[in-house]
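Student: Sharing a structure, written as structure tokens. Questions coming.
The values are calculated or read from the model by the stated rules, or taken from the named source; none is laboratory data. From a predicted model like this one, the values you see are computed outputs, not experimental measurements. Here Cβ is always computed from backbone atoms with ideal geometry, including for glycine, and neighbour counts include all displayed protein chains.
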Amino acid sequence: MKVLFICNQNQNRSKTAEKMFSNSFQTKSAGLYNSRPVTKKQISWADTIVVMDDEQRKEVAKRFPSIYLQKRILSLGIPDIYHYNQPELINLFRLKMKELL
């Protein structure tokens with residue numbers, strides 16, 4: 001399965017998830033509000049898109065309305081308060097992804 005992780009800047013949450021789950025899935029990560037925001041090509045590539053909160057889900061729907069409904073999009077509800085590879089973030093990902101996948 002191809003999983004695209006999306007957060008605001010693609011520095012902490014989505015980068016951590018991309019690395020964490022790369023042994024289980026084909027993974028990529030992207031940001032919504034950085035200098036190289038997520039592209040239609042990246043969205044099209046993914047079987048499942050994982051966003052960190054519902055606002056990001058809405059933004060993906062707004063930017064890519066033609067393919068949004070064709071994708072499985074999961075919202076984890078993880079706030080933007082963590083650093084890259086922070087142990088608490090890793091534990092939260094393990095818990096949330098286990099519930100959703």
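Student: Would you pick out the residues in the range 41-83 that are of a type in the set (D, E, K, R), within 18 Å of Met1 (Cα to Cα) and exposed (fewer than 15 other Cβ atoms within 10 Å of the Cβ)? Spell out the reasoning first.
Tutor: Just the residues of the range 41-83 that are of a type in the set (D, E, K, R), to begin with: 41, 47, 53-55, 57-59, 62-63, 71-72, 80.
With within 18 Å of Met1 (Cα to Cα) added as a condition, the list becomes 41, 47, 71-72.
If the condition is that a residue be of a type in the set (D, E, K, R), within 18 Å of Met1 (Cα to Cα) and exposed (fewer than 15 other Cβ atoms within 10 Å of the Cβ), then Lys41, Asp47, Arg72 are the ones that fit.
Student: Which one of the conditions (1) over 18 Å from Lys96 (Cβ atoms); (2) in a loop (DSSP other than H, G, I, E, B) does Asn23 fail to meet, given that it meets all the rest?
Tutor: Result: Asn23 passes all but (1).
Student: Collect the residues in the range 49-67 that are in contact with a helix residue (DSSP H, G or I) (Cβ under 9 Å, 6 or more places away or on another chain) and either within 19 Å of Lys98 (Cα to Cα) or among the polar types (S, T, N, Q) (or both), keeping them in residue-number order.
Tutor: Of everything in the range 49-67, those that are in contact with a helix residue (DSSP H, G or I) (Cβ under 9 Å, 6 or more places away or on another chain) and either within 19 Å of Lys98 (Cα to Cα) or among the polar types (S, T, N, Q) (or both) turn out to be Ile49, Val50, Val51, Met52, Ser66.
Student: Given the structure, is Lys41 within 19 Å of Pro87 (Cα to Cα) and either charged (D, E, K, R) or more than 13 Å from the chain's Cα centre (by Cα) (or both)?
Tutor: Working: within 19 Å of Pro87 (Cα to Cα): no; either charged (D, E, K, R) or more than 13 Å from the chain's Cα centre (by Cα) (or both): yes.
So Lys41 does not fit the description; no.
Student: Having 1 or more residues that are in contact with a Phe, Trp or Tyr (Cβ under 9 Å, 6 or more places away or on another chain) and touching a residue at least 40 places away in the same chain (Cβ under 8 Å) is the bar; report the helices (runs of 4 or more DSSP H) wholly within the range 36-98 that clear it. Please lay out each step first, then the result.
Tutor: Details: elements: 40-45, 54-63, 65-68.
Filter on the range 36-98 gives 54-63.
Student: I'd like to check something: does the range 29-40 contain any residue that is modelled with pLDDT under 95 and not basic (Lys, Arg)?
Tutor: Kept after step one, since they are modelled with pLDDT under 95, are these residues of the range 29-40: none.
No: the range 29-40 contains no residue that is modelled with pLDDT under 95 and not basic (Lys, Arg).
Student: Among the numbered criteria (1) of a type outside the set (Val, Ile, Thr); (2) part of a strand (DSSP E or B); (3) at positive phi, which one does Asn10 miss?
Tutor: Only one criterion is unmet by Asn10, namely (2).
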